[in-house]
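Single-structure report; data block below.
Rule-based calculations on the coordinates, nothing more; no lab input. Note that this is a predicted model, so its numbers are computed, not measured. Here the Cβ positions follow ideal geometry from the backbone for every residue, glycine too, while neighbour counts run over all protein chains shown.
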There are 2 protein chains.
Amino acid sequence: MSEQAGAVVPQAGTAGAAGTADQRREQMLRAALEVITERGYAETRIADVAERAGTSPALVIYYFKTKDQLLTEAIRYAEDYWYEAGTRRMADLPTAAARLAEIVSMSFLAEEPDDPGPDWLLWLDLWAQAARHSEVASVRQKFDERWRETIHSLVLAGQETGEFGPVDAADFALVMSALLDGLAIQVALGDPAVSARRAFQLCMRFAAGQLGFSWDGSSPAGG
Amino acid sequence: MSEQAGAVVPQAGTAGAAGTADQRREQMLRAALEVITERGYAETRIADVAERAGTSPALVIYYFKTKDQLLTEAIRYAEDYWYEAGTRRMADLPTAAARLAEIVSMSFLAEEPDDPGPDWLLWLDLWAQAARHSEVASVRQKFDERWRETIHSLVLAGQETGEFGPVDAADFALVMSALLDGLAIQVALGDPAVSARRAFQLCMRFAAGQLGFSWDGSSPAGG
DNA sequence: GTTTCTAGACTGAACATTCAGTCAAACATG
DNA sequence: CATGTTTGACTGAATGTTCAGTCTAGAAAC
């Protein structure tokens, strides 16, 4: 069995082709995401995902060895996509304050048409799973670390330009991300006391107060 | 019948007695809580609970018509117990600031021997369940409302005595509870960046800053 | 002696995963 | 070109397990 170079990267091109293995994989990941969002992690059956992707349960297992592997990979996929889309938008913004507003905004609102928005329901499941499954726990850990680091370096940058006052950047990042999480829970669960807009404004008011920049209270991108 | 709710802590015995129906119920609720905390809501089997309570699955179903009923009731039970124990401790504290410190403290630490401490893992499951099950959702909703209201009226009281400055109490309650939730997630999941102690201090620093009272940075009850 | 409580055995459905192949494309050989 | 050969993608039909909830019947309480 001399398996030479196991076709790791498929024929990328042939744009529009019927569907390479990689496309199938992604199709399944997206199907899994839909189902997880609708029914929840625990209630997601392989059969549901298969149906959504227009194939059979057997094929799903063929691609992902186990159900857990499918679900964790799906979550990682969604999160990476969301994070990258967000940071890409941030890169174009001139001031640190604007980038911070983007961070807060992307946590609560979906503005662009191709942006599925933050899937907080996914996070609720992720947290619950992380509590008991170390595999999932490490995924969560890395995401959170990256997220805090993003805020942290943003604060440092703002301080260097003089936009922000001298607070402890690490402490701020931690508190800020916790605040985003906490408010997001209420928003995700549809608590009548917390609309997405109110969450956004409270966060921005907090950040402006702590970092000492002025913020006019408007929503981002078209207040 | 006429079960007047109450009976938060059961008679540890009436030594030797076989156990009334109510005691059996509670025994099962506690067993359920243990199992949920260990294995998670979704992975909790009726058989596990029965074994833990030293009885048969059939009996569990006899007392609680369905599994969901058992689990939701168990969560409600734990939360009420924790909340009541906390508010009872608060009642004895002289200043609003001290009561606030108690609130923050009870969110992260378990100090008294009979206090099981905040079971945040339970909350992670609760949130995930609430997303999809309206029954659970309304339980969560009520708990959160009560919690925010507790903070809210505490702030008002502090403002009347002049301890606290003039912030919007409702906004503060919302942000504060979100912050507690957000930090609690990290603490519950054992994030190395957030110890319970650090969470406590960051919260208190935040509160002191917002409400304008001075706080020496010590831990509560024995700085 | 009727009602309440309890447990062991059981049922039926749901579901993840396996298996034994089928199908078609790519590749080779003559 | 015609013919085998390999391989990856894919499927329908099992398989086996796990459980929630039921049934029956016995023990206790009243």
Between A:LEU93 and B:GLU51, with labels modelled 7 Å along Cα→Cβ, what's the label distance in nm to one decimal, could you check?
5.2
Between the label point of B:GLY117 and that of the same position in each other copy, find the distances and list them shortest first in nm, with every label point placed 7 Å from Cα along the Cα-to-C-beta direction.
3.7
Along Cα→Cβ at 7 Å, what distances in nm separate the A:ARG146 label point from those on the other copies, shortest first?
3.9
To the nearest 10 degrees, how steeply does helix B:21-39 sit against the main Cα axis of chain B, on a 0 to 90 scale?
70
Could you tell me whether the stretch B:95-211 comes out rounded, prolate or oblate from its Cα gyration tensor? Rule is a ≥ b ≥ c as square roots of the eigenvalues, rounded for a/c under 1.5, then prolate if a/b exceeds b/c, otherwise oblate.
oblate
With a cut-off of 8 Å between alpha carbons and a minimum separation of six or more residues, what is the relative contact order of the stretch A:20-65 in percent?
33
Taking a cut-off of 28 Å between Cα atoms, list the lysines near A:LYS65, but don't count ones fewer than 8 places away on the same chain.
A:LYS142
Partner shielding of B:191-202, as the mean number of partner chain Cβ atoms within 10 Å, equals 3
Going 7 Å from Cα along the Cα-Cβ axis for the label, what nanometre distances separate A:LEU59 from the same residue across the other copies?
5.1
Taking R0 as 45 Å and r as the Cβ-Cβ distance between A:TYR81 and B:ARG39, the FRET efficiency 1/(1 + (r/R0)^6), rounded to the nearest 0.05, comes to 0.90
As I understand it, the value is the acute angle between the Cα axis of helix A:120-130 and the longest principal axis of the Cα atoms of chain A; what does it come to in degrees, rounded to 10?
70
Using the Cα gyration tensor of chain A, with a ≥ b ≥ c the square roots of its eigenvalues, what is the shape: rounded (a/c below 1.5), prolate (a/b larger than b/c) or oblate (neither)?
prolate
Whole-Å distance, taken between Cα centres, linking the stretch A:83-137 and the stretch B:13-90
37
Please state the shape class of the protein assembly as shown: rounded when a/c is under 1.5, otherwise prolate if a/b exceeds b/c and oblate if not, all from the C-alpha gyration tensor.
oblate
Could you tell me the calculated FRET efficiency between A:LYS142 and A:ALA193, based on Cβ-Cβ distance and R0 = 45 angstrom, to the nearest 0.05?
0.90
If you fit an axis through the alpha-carbon atoms of helix B:67-91 and take the longest principal axis of the Cα set of chain B, what angle between them do you get, 0 to 90°, nearest 10?
40
Could you tell me the relative contact order of the stretch B:95-211? Use alpha-carbon pairs under 8 Å, at least six residues apart, and round to a whole percent.
32
For the pair B:THR161 and A:HIS133, what calculated FRET efficiency results from E = 1/(1 + (r/R0)^6), where r is the Cβ-Cβ distance and R0 = 45 Å, to the nearest 0.05?
0.40
